[in-house]
Amino acid sequence: MTNYKMPRGIMAAEPHTRKTQVKWIIFTLMFLSAFGCADKTDEIIACGDGQVIIFGHNQTGDNAVNVVWRWNVAEANDLPPAYQKYMVPTDECKPVDGNRILITSSGGGVALVDRETKKCIFYTYSPMAHSAELLPGNRIAVALSTDPKGNSIELYDINESEKVIFKDSLFSGHGVVWMEALDRLFALGYNELRSYSLENWNSGNPKLNLTEKWTLPDNGGHDLAYVSDSSLILTTSKAVWKFNAVSEHFTPFELLKDIGNVKSVNYNEETGELIYTKGEISWWTHNIYCKNPDKVYNIPEINLYKVRVIQQ
């Protein structure tokens with residue numbers, strides 16, 4: 001055990017004062033241990049129709065939606081004209097690297113957008129694109145859902161828009177998440193979860209090497225999200241699950257047990273905070289649901305699909 005030296009100011013104080021100061025130090029250390037290291041959601045980012053919005057997440061009971069940032073494909077003049085169609089409707093809005101956002105659309109578009117300037121750093125046409133992930137070495141993986149030219153996972157280099165450098169079949173591809181601690185890319189399909197290693201990554205011919213695959217507890221794999229260095233959360237047609245990538249086990253996610261049609265889910269294991277969307281009007285909704293604290297954000301002007309979080 002490490003010996004803790006009491007600060008000189010405490011040693012010099014009167015006994016009753018010293019006891020009070022020690023109590024405050026112990027309380028402060030316990031408080032920091034319990035709450036100080038846990039990331040809290042600072043902003044919420046959501047997508048639907050042809051746009052992406054960001055608004056502040058109030059930890060109290062305030063349900064007001066005060067939009068602080070908006071990207072609309074109709075105003076994205078730096079994209080080729082065809083992308084006015086390809087980027088509608090948006091179905092992913094994943095924040096990466098602090099100031100960039102990966103946007104995908106089932107209309108077939110993918111774009112990496114700088115938050116500050118709203119400029120597109122990268123774009124490509126990927127039929128039925130449903131999610132994307134930034135990988136080491138400035139590469140992007142895209143999951144493509146059901147389409148004659150989809151049902152796959154594609155790999156791109158940020159510096160070469162519209163150029164596929166690797167492709168693997170994946171029926172109804174819906175999610176991709178990079179797990180840095182495990183050095184693996186996880187990809188979600190209709191009835192399976194896969195892991196890929198990065199092969200020939202420092203060459204001009206990089207590949208994704210399939211290392212493992214697991215059958216889902218339920219069909220209709222839909223959303224895949226990072227929880228911790230060893231676990232993921234995923235949704236299927238009828239339920240929500242946690243996957244331990246070390247023990248390789250699926251377990252029901254109790255906070256959303258037996259709730260189907262969940263389109264996106266974000267869970268903070270340390271704070272217990274949960275933010276999600278579910279299909280309520282066909283595949284879309286006007287509501288973003290939160291637990292711990294409980295609240296609902298209502299956005300009637302957008303047919304919402306996915307929600308993600310930006311943590312402080």
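What does the highest-first list of 165-173, 64-72, 278-286 look like by mean Cβ count within 10 Å? Before the final figure, lay out each step's value.
On the way: 165-173: 18.4, 64-72: 12.8, 278-286: 15.3.
Highest-to-lowest ranking by the protection proxy: 165-173, 278-286, 64-72.
For the chain, the mean residue ellipticity at 222 nm estimated from helices alone is -2000 deg cm²/dmol, where every DSSP H run of n ≥ 4 contributes -39500 (n - 2.57) and the total is divided by all residues, rounded to the nearest 500. Along the axis of the charge dipole computed for the chain (Cβ charges of +1 for Lys and Arg, -1 for Asp and Glu, origin at the Cα centre), the listed residues Gly108, Val88, Asn266 are led at the positive end by Asn266.
Treat every Asp and Glu Cβ in the chain as -1 and every Lys and Arg Cβ as +1, leave all other atoms uncharged, and give the resulting dipole magnitude about the Cα centre to the nearest 20 debye.
The dipole of the chain has a size of about 660 debye.
Projected label points at Glu270 and Asn63, each 7 Å from Cα along the beta carbon direction, are separated by 3.0 nanometres. Helix 15-31 and the long axis of the chain differ in direction by around 10°, with both axes built from C-alpha atoms.
In debye, nearest 20: dipole of region 31-140 around its Cα centre with unit charges on the Cβ of K, R (+) and D, E (-)? If you can, show how the numbers build up before the last one.
Working: 9 positive and 13 negative charges, 45 e Å.
Here the size comes out at about 220 debye.
Ordered by solvent-accessible area of protein heavy atoms (1.4 Å probe), largest first, the residues Asp91, Asp62, Asp258 come out as Asp258, Asp62, Asp91. Return, ordered by residue number, the residues of region 120-139 whose backbone nitrogen is under 18 Å from a label point located 7 Å along Cα→Cβ of Glu162. Within reach of a label on Glu162: 120-129.
Model label sites at Glu180 and Asp218, defined 7 Å from Cα along the beta-carbon direction, differ in position by 3.2 nm. Length gained on full extension, Asn292 to Gln312, computed as 0.36 nm times the residue gap minus the Cα-Cα distance: 5.5 nm. Counted by Cβ distance under 11 Å from Ile310, the other residues give a net charge of +1, where Lys and Arg count +1 and Asp and Glu count -1.
The values are calculated or read from the model by the stated rules, or taken from the named source; none is laboratory data. Note that the structure is predicted; figures quoted are calculated from it, not measured. Positions of Cβ are backbone-derived with ideal geometry, glycine not excepted, and every protein chain shown enters the neighbour counts. Calculation scope for accessible area: heavy atoms of the full protein, side chains included, ligands and nucleic acids excluded. Shrake-Rupley method; radii C 1.70, N 1.55, O 1.52, S 1.80 Å.
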